[in-house]
Amino acid sequence: MTALEQKLRVVTADAAAARVLAGGADWDVSAMQDQLRGQTKLLNALRETQIEHGDRLGRIEGRLDGLEGRMHSLEGCMDGIDGRMESLEGRFDRLENTVTEGFAKVMELLAA
């Protein structure tokens, strides 16, 4: 066997090994592309979920703002009721004093 034939055999073996390696690399790249596509789908689904949650939180925040306004309104009404109750309490105290004084006078007149 000549030196040229030996080199041809080595080159042929190297080419066969290169084809095997290239096939493995092709499979690896294909697997990585599949994983990348899966990750992209996952990220897109996550993005959609976050958008939905953001919209929902916005609606909830609006409802809470409305409830807060209603609570402030009720607080104002309660303050008004408190004021009226204090006024009534004062009037009842005066009425009680008047009645007590009146009964005391009646009792004095009856005793006399």
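Quick note: the coordinates plus some simple rules give every number you see, no bench work behind them. Note that this is a predicted model, so its numbers are computed, not measured. Virtual Cβ from ideal backbone geometry, glycine too; neighbours counted across all protein chains shown.
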*Within the group Leu88, Leu110, Leu64, Leu57, which residue is in a helix (DSSP H, G or I) and surrounded by fewer than 10 Cβ atoms within 10 Å (Cβ to Cβ)?*
Leu110
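If you check Thr98 against the conditions, is it more than 29 Å from the chain's Cα centre (by Cα) and of a type in the set (Val, Ile, Thr)?
Working: more than 29 Å from the chain's Cα centre (by Cα): yes; of a type in the set (Val, Ile, Thr): yes.
Yes: the conditions hold for Thr98.
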